[in-house]
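**Q** So that we are looking at the same thing, I have put the structure below in structure tokens.
We did not get these values from a lab; they are worked out from the coordinates using the rules stated. Because the structure is predicted, anything quoted here is derived from the model rather than measured. Using ideal geometry, Cβ is built from the backbone for each residue, glycine included, and neighbour counts are taken over all protein chains shown.
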Amino acid sequence: MERNIHIRFTSDTHGHIFPVNYATHTAEDSGLLAMAASAVKDSNTLVLDGGDSLQGTPLTQYYLEHRQSWPVHPVAAAFNALQLDYYTLGNHDFNFGYEALQEYLAAMNGQCLCANLTDLGGKLQFAPWTVHTLENGLRVGITGVVTDFVNIWEQPQNLELLRITDAFEAAKAACEALKGKCDLRICLYHGGFEEDLATGRLLSDSGENIACRLARELDFDLLLTGHQHMAVEGAELYGTYAVQCPANAGRYLDISGHVGPDGTVYSSRFVPAGTADQAQTAADLMPLEEAVQRWLDQPIGSLTQPVLPEGKLEVALHGSHVADLFNLVQLEATGADISCTSLGNDPVGLASPVTMREVTAAYLFANTLVVLEVTESVLRRTLERCAAYFTLQDGKPEVSQEFLLPKVEHYNYDFYAGISYTLDLRRPVGDRITRLTLPDGSPLGDKTYRLCTSNYRATGTGGYEILRECPVLWRGGTEMPDLTAEYIRKHSPVNLNAPGEMQVVW
């Protein structure tokens, strides 16, 4: 007898609830409420999510900072409207601490599955795996796993009552536990592909992403991945059917499985979110949304001159006024000698007067600050990684494919303040730093220096592994958008000239 399963899969929705672009204050085709308005569910349909839901928009930022004032959890309410059945956690879902995570899980109607999470506090509502029987009798085994790089990225205080164990071993144990109990086994994996899906070429052996290993060595029928923000509509991967959603709730995956005596055939397609909200939940959340919009439009200060949106290659070659601002903020907040920061994938600028909308659009993440002890040798290695961002085509600089595939990673190019340096793109990758001095031209010498960077970069992520080995001198708890707003209020009109100078030659 042939039986069918239908799955709606979302992942990496990053706080996108309403179909709104907060940077421009315009409507866009995105959001969980738009998906909830257009999607139809029956008793042979499962709605699943792959995590990274709590961080990413001003709405979730504002809510989590003022959550005692709002009775409805906006992310949970949106997923409940979507009729979510099961979900796992993403690395960003741990960014706000144990209590915020507990409140989120308690507000969700769907069940959290996370096989490599241990709760020492005993208050989180989750399970390692489950078996769900559809109306047609098909038994579906489901587990969830989050990349164990949470242990590298997350602030220690947010993991005091939690343990994230090895992702592969947890997935393996869950796969074995489900054996014989179900007709299909599904892994919700908040992690991505470490191999090129077209060629099989190994892209990274760090362990951050192990989807290909999961498919190759374990017996899951479906591998629903996330984290990388790649659009993988469907791929046969070592006998497992694998997919991945792009970020920010613009599209979800509609997956169909036809289970017959000769096996299972899967197909999948992306479905646009649309723009029409699910009316009742939208009405419930509208007071919060209106408060967020008022907060975003509050002027907080001014600049000596506005900054037009900056192209990615242009600023990597010539410097960024937006990055200068973030480095000035970091230097003042920490008293460090040197600062480095990065920008998101999309071009951003800053109007004057500056509002919270501009700040949150320019600095997208809930990063805090870390001060590391570094030497000239460490700085040379990190700058060589920055220099690898470029390649020369017919003598002209372009962005290296290493920063574009398998996903776009402009945010792994760093901008520095407190040093002066030259990158020579005519030289081979790894040997492009031809000048490195203090801003006054004096050599760095044998001294150690205090380098301020984000908690994300301090873990060595993005090819900066040397930073992971550096002694930590200080950790902050305030997020960069809030530090930036405070700096602009204090120093208006802000002059965007950070100390130091960068030169790129080719």
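**Q** What value in Å³ per residue do you get for the convex hull of the alpha-carbon atoms in the stretch 299-505?
**A** Numbers: hull volume 23.4 nm³, N = 207.
It comes to 113 Å³ per residue, whole-number rounded.
**Q** Arrange Phe18, Phe96 by Cβ neighbour counts within 10 Å, fewest through most, would you?
**A** Details: Phe18 26, Phe96 21.
Fewest-to-most ranking of Phe18, Phe96: Phe96, Phe18.
**Q** Another one. Counting DSSP beta bridges with both partners in the stretch 202-342, what percentage is antiparallel, nearest 5? Walk me through the numbers on the way to the answer.
**A** Values: 14 of 18 bridges.
Taking every DSSP beta bridge with both residues in the stretch 202-342, the antiparallel ones total about 80 percent.
**Q** While we're on this one: Work from the charge dipole of the chain (Cβ charges, +1 for Lys and Arg, -1 for Asp and Glu, about the Cα centre) and give the residue of Pro481, Val378, Ala361 farthest towards its positive end.
**A** Toward the positive end, the furthest listed residue is Val378.
**Q** What does the charge count around Leu203 come to, taking other residues whose C-beta lies under 14 Å from its C-beta (Lys +1, Arg +1, Asp -1, Glu -1)? The partial results should precede the final answer.
**A** Working: positive: Arg201, Arg213, Lys407; negative: Glu194, Glu195, Asp196, Asp205, Glu208, Glu402, Glu409.
Residues close to Leu203 contribute a combined charge of -4.
**Q** If you plug each phi of the stretch 125-136 into the Karplus form 6.51 cos²θ - 1.76 cosθ + 1.60 with θ = phi - 60°, what whole-Hz ³J(HN,Hα) values come out, in order, with x for Gly and Pro?
**A** 9, 7, 9, x, 6, 8, 10, 10, 9, 6, 4, 7
**Q** Distance between Cα centroids, the stretch 372-443 to the stretch 465-481: provide it in whole Å.
**A** Centre-to-centre (Cα) distance: 20 Å.
**Q** Moving on to the next point. Do you know the relative contact order of the stretch 3-292, to the nearest whole percent, from alpha carbon pairs under 8 angstrom that are 6+ apart?
**A** Working: 706 pairs, mean separation 70.9, N = 290.
Worked out over the stretch 3-292, it gives 24 percent.
**Q** Could you state, as a whole-number percent, how many of the C-alpha pairs of the stretch 270-325 are farther apart than 16 Å?
**A** Distances greater than 16 Å cover 69 percent of the Cα pairs.
**Q** Separate question: Mind sorting Phe126, Phe79 by how few other Cβ atoms lie within 10 Å of their own Cβ, fewest first?
**A** Values: Phe126 18, Phe79 28.
Fewest-to-most Cβ neighbours within 10 Å comes out as Phe126, Phe79.
**Q** Further, regarding this structure: With viscosity set to 1.002 mPa s at 20 °C, what whole-number translational diffusion coefficient in µm²/s follows for the stretch 202-241 from Stokes-Einstein and a Kirkwood radius over Cα pairs? Don't skip to the answer; put the middle values down first.
**A** Working: Rh = 10.9 Å.
The diffusion coefficient I find is 197 µm²/s.
**Q** Would you calculate the convex hull of the Cα atoms in the chain and tell me its volume per residue in Å³?
**A** Values: hull volume 73.5 nm³, N = 506.
With only Cα atoms used, the chain gives 145 Å³ per residue.
**Q** Continuing with the same structure: Which of the aspartates and glutamates could a cross-linker span from Lys447 if the Cα-Cα distance has to be under 16 Å and same-chain partners fewer than 8 positions apart are dropped?
**A** Lys447 reaches Asp337, Glu373, Glu376.
**Q** Could you compute the FRET efficiency for Glu373 and Asp42, with r as their C-beta to C-beta distance and R0 at 45 Å, rounded to 0.05?
**A** On the way: r = 59 Å, r/R0 = 1.31.
In this case the efficiency is close to 0.15.
**Q** Still on this structure: Take every DSSP beta bridge whose two residues both sit in the chain, then give the antiparallel share in percent to the nearest 5. Provide the component values of the computation, followed by the final result.
**A** Numbers: 56 of 90 bridges.
So the antiparallel bridges amount to about 60 percent of the total.
**Q** Under 5 Å between amide H atoms, partner at least 5 residues away or on a different chain: which partners does Glu195 have, H built in plane at 1.01 Å?
**A** Leu203, Cys212
**Q** If I model a spin label at Glu314 and His258 as a point 7 Å from the Cα along the Cα→Cβ vector, what separation in nanometres do I get?
**A** For the pair Glu314/His258, the computed spacing is 5.2 nm.
**Q** Could you work out Rg/(2.2 N^0.38 Å) for the stretch 3-292, with Rg from alpha carbons only? Could you put the intermediate results ahead of the total?
**A** Values: Rg = 18.0 Å, N = 290, 2.2 N^0.38 = 19.0 Å.
Here the answer is 0.95, to two decimals.
**Q** Right, next: What does the net charge come to around Glu99 if you take all other residues with beta carbon closer than 12 Å to its beta carbon, with K and R at +1 and D and E at -1? Walk me through the numbers before you get to the answer.
**A** Numbers: positive: Arg67, Lys123; negative: Glu103, Glu160.
Neighbourhood net charge equals 0.
**Q** Given Cα pairs under 8 Å that are at least 6 residues apart, what percent is the relative contact order of the chain?
**A** This gives 15 percent for the chain.
**Q** Further, regarding this structure: Could you let me know the centre-to-centre spacing of the stretch 66-83 and the stretch 102-139, using Cα atoms, in angstrom?
**A** 18 Å
**Q** Right, another one. Given the -39500 (n - 2.57) contribution per DSSP H run of 4+ residues, what per-residue ellipticity at 222 nm results for the chain, rounded to the nearest 500 deg cm²/dmol?
**A** Values: 14 runs with 130 residues, N = 506.
Here the helix-only value at 222 nm equals -7500 deg cm²/dmol.
**Q** Listing Val354, Val472 from the residue with the fewest other Cβ atoms within 10 Å to the one with the most, what is the order? Please list the in-between numbers first.
**A** Working: Val354 25, Val472 10.
Ordered from fewest to most neighbouring Cβ atoms within 10 Å, Val354, Val472 come out as Val472, Val354.
**Q** Sorted by packing (mean other beta-carbon atoms within 10 Å per residue), highest first, where do 204-211, 356-363 land? Could you put the intermediate results ahead of the total?
**A** Details: 204-211: 18.9, 356-363: 23.0.
Most protected by this proxy first, the peptides run 356-363, 204-211.
**Q** With both bridge residues required to lie in the stretch 3-292, what share of the DSSP beta bridges run antiparallel, to the nearest 5%? Before the final figure, lay out the partial values.
**A** Values: 32 of 58 bridges.
Counting only bridges with both partners in the stretch 3-292, antiparallel ones make up about 55 percent.
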